[in-house]
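J.: Please read through the structure below; I'll follow up with questions.
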Amino acid sequence: MATKSSKEPSVSSISKAIGSSPLLPGESKVDYEQGLSAVIEELGAKTATQMYLAEKIFECLWWIRRYQNQKRMTIVSDMVYLLKPGYGTDDWKDEPIVLQALTQNRSTPELDLALRRKGWTMEVLTQKAMHRAVTTIGDMDRQIELYAKLLTRFQASFELHFHRKLNTERMILQNEILKRDLSAIEHEPIKALPSHDTESPSEDR
Amino acid sequence: MTPSLRQRIANRRNGRRSQGPKSLEGKLRSSQNSLKHGLSSKVDVSQFGKSFSKVKEILIKERLSSSIAEGLALRILDLERNLDFQRLIFQRNRRSQKTLQAERDQALRDQFPETDDLIEILSRVPDGVFSLTPEDTREGRKLFDQAKRFLIRVEKQREAREKRSSVRYLTRSANQLGKALKRL
């Protein structure tokens with residue numbers, strides 16, 4: 001499944017025609033395309049409209065992921081700011097190492113030293129950074145909420161569009177069955193099996 | 001009531017003044033004067049080049065009538081321009097605090113080019129000349145910082161407003177696309 005999706009980048013023809021890229025600088029195209037292929041396959045999208053809607057559903061998921069990453073990075077950068085000697089006013093030579101350690105969620109001697117100098121534990125630092133970034137995080141949560149709402153709307157649109165096609169096909173099939181049954185009623189019943197010496201009515205015609 | 005001679009002269013004088021653009025080009029240009037983000041306006045098909053006709057063709061291939069396909073294509077382009085704007089806002093917010101600070105300082109310098117230089121010159125003037133004391137210079141710097149904080153606050157409010165309205169328009173465009181699909 002993954003090999004198929006990596007071979008065929010599943011971008012809907014509508015998106016190709018519009019030509020706008022859903023990715024921002026620094027985001028992985030491979031990750032995006034793999035996720036999108038999985039969603040398209042999961043939803044069973046076939047027509048251009050269905051593909052486009054599936055793409056928008058995945059784009060909402062991508063936005064939610066984007067904001068979650070951003071939330072994490074905001075807290076991490078605030079942690080670094082709080083650990084800086086003199087609260088960000090001075091240059092700090094350990095800043096890149098501490099930033100990397102906090103981003104990768106691992107401990108380094110530089111991070112431990114910075115914590116000891118402030119007299120904080122990791123939990124205290126997290127709590128202080130969260131407190132500092134509360135407004136920004138609130139903003140991002142609201143954006144996540146917006147994309148969650150959009151996601152449900154696109155899903156509803158997709159369901160409606162997809163099931164309408166299914167329902168139409170089902171109705172066409174039912175109509176055909178009805179027609180067949182009706183034509184069967186209209187035919188004269190066969191009274192008896194034709195014997196070998198009598199000719200069949202169809203041959204009469 | 002007939003206007004007085006004075007009034008008539010004034011009317012003629014005012015009438016000679018510019019009464020706005022006359023040519024179509026000028027009218028088009030001035031129509032963009034108060035444009036902020038353009039998300040509330042109708043979708044300008046020419047902005048999207050050939051995309052509109054391509055999307056329409058794709059939808060017609062899906063057995064939609066020309067008018068329905070056109071309506072749906074417009075909804076799709078509206079949604080796309082909203083999503084593009086969201087990406088732009090996100091990228092702008094993702095810049096580091098240092099970059100933001102530098103950009104704001106530059107914008108302030110552009111708006112008040114003389115303030116920084118003036119403070120710099122005043123700080124170099126010996127005491128007693130212009131009867132400016134170091135306290136006056138400090139006071140000037142304080143006022144400048146206050147103005148800076150005020151402008152930053154105004155800019156933040158403008159950004160928040162822009163963000164709020166863009167969210168509204170994005171939701172609206174998604175709803176309208178949903179409704180257009182429902183009508184198919």
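Laboratory data are not the source of any read-out in this text; all were calculated from the coordinates shown. What you see is a predicted model, and the numbers here were worked out from it, not measured in a lab. Cβ coordinates were reconstructed from backbone atoms using ideal geometry, including for glycine residues, and neighbour counts include every protein chain displayed.
J.: Rounded, prolate or oblate: which fits the range A:72-117, taking a ≥ b ≥ c as square roots of the Cα gyration tensor eigenvalues, rounded meaning a/c under 1.5, else prolate when a/b beats b/c?
T.: Details: a/c = 1.75, a/b = 1.17, b/c = 1.50.
Note, shape of the range A:72-117 comes out oblate.
J.: When Cβ neighbours within 10 Å are restricted to other protein chains, what is their mean count per residue of peptide A:46-58? Write down the numbers at each step before the final one.
T.: Details: counts 0, 5, 5, 8, 1, 0, 7, 3, 0, 0, 6, 0, 0.
What the average comes to for A:46-58 is 3.
J.: Holding the Cα-Cα limit at 32 Å, pick out from B:K22/B:K156; A:K29/A:K71; A:K46/A:K71; A:K16/B:K22; A:K16/B:K156 the pairs that are longer than that. Let's see the in-between values first.
T.: On the way: B:K22/B:K156 38 Å; A:K29/A:K71 21 Å; A:K46/A:K71 35 Å; A:K16/B:K22 40 Å; A:K16/B:K156 36 Å.
Exceeds cut-off: B:K22/B:K156; A:K46/A:K71; A:K16/B:K22; A:K16/B:K156.
J.: What is the average number of partner chain Cβ atoms found within 10 Å of a Cβ in A:59-69? If you can, show how the numbers build up before the last one.
T.: Working: counts 1, 2, 0, 0, 4, 0, 0, 3, 1, 0, 0.
Mean partner-chain Cβ count within 10 Å for A:59-69: 1.
J.: Along the range B:161-178, what does the Karplus equation 6.51 cos²θ - 1.76 cosθ + 1.60 (θ = phi - 60°) give for ³J(HN,Hα), rounded to whole Hz, x for Gly and Pro?
T.: Values per residue, Gly and Pro as x: 4, 4, 5, 4, 5, 5, 5, 4, 5, 5, 4, 4, 5, 5, 5, 5, 5, x Hz.
J.: Let me ask something else about it. Using the Cα atoms of the range A:121-187 to build a convex hull, what is its mean projected area in square nanometres? It would help to have the intermediate numbers written out before the result.
T.: Numbers: hull surface 28.3 nm².
About 7.1 nm², averaged over all directions.
J.: Evaluate peptide A:14-24: per residue, the Cβ atoms of other protein chains within 10 Å of its Cβ; return the mean as an integer.
T.: Details: counts 10, 3, 4, 12, 13, 6, 8, 2, 4, 1, 5.
Per residue, the number of nearby Cβ atoms from other chains is 6 on average.
J.: Sticking with this structure for a sec: With just the Cα atoms defining each centre, how far is the range A:13-40 from the range A:108-147? Give it in Å.
T.: 32
J.: Now, a different point. Determine ³J(HN,Hα), in whole Hz, for all residues of the range A:41-57 in sequence, where each value follows from phi through the Karplus function 6.51 cos²θ - 1.76 cosθ + 1.60 and θ = phi - 60°; x replaces Gly and Pro.
T.: Each residue of the range A:41-57 in turn: 5, 4, 7, x, 6, 10, 6, 4, 5, 4, 4, 5, 5, 4, 5, 5, 4 Hz.
J.: Moving on to the next point. Contour minus end-to-end for B:A102 and B:R141, with contour as 0.36 nm per residue of separation and end-to-end as the Cα-Cα distance?
T.: Values: separation 39, 0.36 × 39 = 14.04 nm, distance 1.80 nm.
Difference between extended and current length: 12.2 nm.
J.: For the range A:1-152, what does the alpha-carbon gyration tensor say about shape, rounded, prolate or oblate, given a ≥ b ≥ c as the root eigenvalues, a/c under 1.5 as rounded, and a/b over b/c as prolate?
T.: Details: a/c = 3.27, a/b = 2.43, b/c = 1.35.
Since a/c reaches 1.5 and a/b is larger than b/c, the shape of the range A:1-152 is classed as prolate.
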